[in-house]
Amino acid sequence: MSTRQGSSPNPALRTSLPTAFASVVEESSYAHPTQEEQDKYLQARPGATARHLGIALQHAQQIQAQKDAEGMILDQDVQLFKTALQLFRPGDYDNMIMERNYEDLCGYGLCPRKNRKQVGATGSTFHFKYGAKGSGPGGRGRAVDIVPRENLEKWCSDECAERALFIRVQLSEQPVWERRADETEDIRIELLEESRERRQRQKQKQKQKQQLEAGSSKSASAVPQSSESDITAGLRDLKIQEAGRSQELALERGDTGLSLRKGRVDVQLKEKEPSSQSAPTAPQLGPGDEMGGSIEGYIPQEQLEESSNTLKDRDILDQL
Amino acid sequence: MDGDVSAHSQEAEKETTRLWRTFRTVYEMLADRGYEVSDDELAISLDEFRQKYSDPMGYPDRNKMKIQARPTKIMEMKYTLKTKSNPNPTPDCGTVYVDFCPDASGVGTKQVRAFNHIVGESNYHTGIFITQTPISPSAVRLLSSLPNHICEHFQEQDLLVNITRHELVPKHVLLSPEEKARLLERYRLKESQLPRMQVSDPVSRYLGLRRGQVVKIIRKSETAGRYASYRWVI
């Protein structure tokens, strides 16, 4: 995975696709000034000629092209980062953070900055972190967090720590070699920025809905238009290889039996049917029970014989 | 200012002494494994070490401390497996290369990659990588990933003392393939029926043992004088 470095001393951290794209769009609107703008520019500078302006424009476009390309590289980075992380387990991810720290880089994979070094006194293993005013218990004072220094030195900033840990919780604990094909595909890693944006969009949508419901008059202007990002998200969810369909396809090809798809052993869960419909009856007092009877349901052999004997006797008496 | 300098020199002296002990253990280890090591190298004194390997500040210069050694005839014999189909085999051992990593902390894949490169480039059979701090898990994995070469890792503090010289550690002797075959025949055993010993065992690491080898352990015994037992390395 490559991180862009060296283009400027402190390159801007553009971590998500939308922000990168937005910045490109914003810049490209300045790329082609109209004739009026050009004339105005020349009038303001008496020494400048049209040729100067031409050269300046050419350079500007070159820089623009460079920026566009860099933006695209970043897009590639983000995509690459996400697809590469699908195979990671949280432990592997921690290793990656450690390796990056050894190289003096922030632990977050897409951050080109250096990690923090020696916050506070040297040699101390813990560091006090004070929250904002009024964040303490009962809304008074400041909240104090005691953080191990090594945890602080993993990242360049708290924001990056949040971003990195946000990704960590999305990773699967199951090792790659035990996952089935469609399981790896199902792991969709989302950057913190993307998730925030999505949530905001959902909120807006809800608001719009509420407004629509509140407004009794039908206003055609408030029709929610699906944005470009919505469409891309929809496309992403449209899976070509759905679990069920891929199973069907495999059967059609005769790849493997359906029973072996789920693992080596074919496990079929079968619910046990209740054998009798009648409700269980309460136990009734047996013949020898007043003398002690059964011991937790167990009737000693002697007693049993006795009781059966008495039963027999009684039978004979009746007959007589 | 004066105190500062003396504190510095004290620090340097301490580090030099520690490293000297590690360095001597490394030579002893190589000799015990059966590499060619001269007596001068084995008995290097602290002064000599300081003269040879310290920088102008008095600190030891780890970049200078690279060791190479060739196996002796005895060692080659122990590592050659003669079979009917292969009557003239080449020994499974060769030149060893020892590298001391100069980085004081944070040894990761970068340094290990450089070490692997040296080992692969110069075609050393075995490489021993010695660092001051533990190396990262991915670096460990990378170290063992070099095909046809054996790369080992030690920490400096592990080699501060030669563990095999301790009175409670019995003598371990590696058996050659023929000796192993004879032993198994003598006792009518399969090798899996021998007692076992892990590759990660400190003595096993010290001797650079490999999976499947058998060592003879000679202990002192009050009743029998000497008592030999065997371990299969797994």
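Within the range A:53-68, is there a residue that is under 29 Å from B:R141 (Cβ atoms), surrounded by 13 or more Cβ atoms within 10 Å (Cβ to Cβ) and of a type in the set (D, E, K, R)? Spell out how you get there, then give the answer.
Filtering the range A:53-68 for residues under 29 Å from B:R141 (Cβ atoms) gives none.
Scanning the range A:53-68, I find no residue that is under 29 Å from B:R141 (Cβ atoms), surrounded by 13 or more Cβ atoms within 10 Å (Cβ to Cβ) and of a type in the set (D, E, K, R), so the answer is no.
What are the residues in the range B:87-114 that are more than 12 Å from A:Y102 (Cβ to Cβ) and touching an Asp or Glu at 6+ places or on another chain (Cβ under 7 Å), if any?
Scanning the range B:87-114 gives B:P91, B:C93.
If you check B:V161, B:V98, B:V119, which single one turns out to be loosely packed, with under 15 Cβ neighbours inside 10 Å, more than 14 Å from chain A (Cβ to nearest Cβ) and either touching a Gly at 6+ places or on another chain (Cβ under 7 Å) or aliphatic (A, V, I, L, M) (or both)?
Details: B:V98 fails: loosely packed, with under 15 Cβ neighbours inside 10 Å; B:V119 fails: loosely packed, with under 15 Cβ neighbours inside 10 Å.
The conditions single out B:V161.
Quick check on B:A139: is it farther than 24 Å from B:R33 by Cβ and aliphatic (A, V, I, L, M)?
Details: farther than 24 Å from B:R33 by Cβ: no; aliphatic (A, V, I, L, M): yes.
So B:A139 does not fit the description; no.
From the list A:E302, A:E306, A:E273, which one is at pLDDT 70 or above and in a helix (DSSP H, G or I)?
A:E302
When the range B:41-58 is examined, which residues are found to be in contact with a His (Cβ under 9 Å, 6 or more places away or on another chain) and surrounded by 15 or more Cβ atoms within 10 Å (Cβ to Cβ)?
Kept after step one, since they are in contact with a His (Cβ under 9 Å, 6 or more places away or on another chain), are these residues of the range B:41-58: B:57-58.
Within the range B:41-58, B:G58 is the sole residue that qualifies.
Can you name the residue in the range B:126-141 that is touching a Gly at 6+ places or on another chain (Cβ under 8 Å) and hydroxyl-bearing (S, T, Y) and is also farthest from B:P60 (Cα to Cα) among such residues?
Here the residue is B:S138.
Does the range A:121-141 include one or more residues that are within 14 Å of chain B (Cβ to nearest Cβ) and not hydrophobic (A, V, I, L, M, F, W, C)? Spell out the reasoning first.
At the first step, the residues of the range A:121-141 found to be within 14 Å of chain B (Cβ to nearest Cβ) are A:122-123.
Then keep just the ones that are not hydrophobic (A, V, I, L, M, F, W, C); that gives A:122-123.
There is at least one residue in the range A:121-141 that is within 14 Å of chain B (Cβ to nearest Cβ) and not hydrophobic (A, V, I, L, M, F, W, C).
Residue by residue, here is whether (1) within 14 Å of another protein chain (Cβ to nearest Cβ); (2) in contact with a Lys or Arg (Cβ under 7 Å, 6 or more places away or on another chain) holds:
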| site | (1), (2) |
| --- | --- |
| A:D68 | no, no |
| A:G107 | yes, yes |
| A:D145 | no, yes |
| A:E150 | yes, no |
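Inspect the range B:73-92 for any residue being surrounded by 13 or more Cβ atoms within 10 Å (Cβ to Cβ), under 20 Å from B:F154 (Cα atoms) and away from every other protein chain (no Cβ under 14 Å) and give the result as yes or no.
Checked the range B:73-92: no residue is surrounded by 13 or more Cβ atoms within 10 Å (Cβ to Cβ), under 20 Å from B:F154 (Cα atoms) and away from every other protein chain (no Cβ under 14 Å).
Could you grab me the full set of residues in the range B:209-234 that are surrounded by 14 or more Cβ atoms within 10 Å (Cβ to Cβ), among the aliphatic types (A, V, I, L, M) and either outside any strand (DSSP E or B) or in contact with a Leu (Cβ under 8 Å, 6 or more places away or on another chain) (or both)?
B:L209, B:V214, B:V215, B:V233, B:I234
Among the residues of the range B:77-93, is any assigned by TED's automatic domain parsing to the domain that holds B:R24, outside any loop (DSSP other than H, G, I, E, B) and closer than 27 Å to B:S200 by Cβ? Write out each step before concluding.
Of the range B:77-93, the ones assigned by TED's automatic domain parsing to the domain that holds B:R24 are B:77-93.
Right, trim to outside any loop (DSSP other than H, G, I, E, B) and you get B:77-78.
Applying the additional criterion that residues be closer than 27 Å to B:S200 by Cβ yields B:77-78.
Among the residues of the range B:77-93, at least one is assigned by TED's automatic domain parsing to the domain that holds B:R24, outside any loop (DSSP other than H, G, I, E, B) and closer than 27 Å to B:S200 by Cβ, which makes the answer yes.
I need every pair where a residue in the range B:123-146 that is over 19 Å from A:R100 (Cα atoms) and away from chain A (no Cβ under 14 Å) has its Cβ under 6 Å from the Cβ of a residue that is of a type in the set (F, W, Y) and assigned to a helix (DSSP H, G or I), sequence separation at least 6 or different chains.
Once the first residue is over 19 Å from A:R100 (Cα atoms) and away from chain A (no Cβ under 14 Å) and sits in the range B:123-146, its partners that are of a type in the set (F, W, Y) and assigned to a helix (DSSP H, G or I) give B:F129/B:F115.
Would you call B:K180 crowded, with 18+ Cβ neighbours inside 10 Å and touching a residue at least 24 places away in the same chain (Cβ under 8 Å)? Working first, answer last.
Details: crowded, with 18+ Cβ neighbours inside 10 Å: yes; touching a residue at least 24 places away in the same chain (Cβ under 8 Å): yes.
Judged against the criteria, B:K180 is a match.
Do we find that A:S157 is surrounded by fewer than 19 Cβ atoms within 10 Å (Cβ to Cβ) and modelled with pLDDT of 85 or more in this structure? Steps first, answer last, please.
On the way: surrounded by fewer than 19 Cβ atoms within 10 Å (Cβ to Cβ): yes; modelled with pLDDT of 85 or more: yes.
Criteria met by A:S157.
So, B:S192, is that one modelled with pLDDT under 95 and over 30 Å from A:M98 (Cβ atoms) or not?
Criteria met by B:S192.
Only residues that are among the polar types (S, T, N, Q), within 12 Å of another protein chain (Cβ to nearest Cβ) and without any contact (Cβ under 8 Å) to a residue 12 or more places away in the chain: list them for the range A:76-105, please. Break it down into steps so the answer makes sense when it comes.
Taking the range A:76-105 as the starting set, the residues that turn out to be among the polar types (S, T, N, Q) are A:76, A:79, A:83, A:86, A:95, A:101.
If we keep only those that are within 12 Å of another protein chain (Cβ to nearest Cβ) too, we end up with A:95, A:101.
Correct list: A:N95 only.
The values are calculated or read from the model by the stated rules, or taken from the named source; none is laboratory data. Only a predicted model underlies this, so the values are computations on that prediction, with no experimental measurement involved. Heads up, the Cβs are rebuilt from the backbone with ideal geometry, glycines too, and the neighbour counts pull from every protein chain shown.
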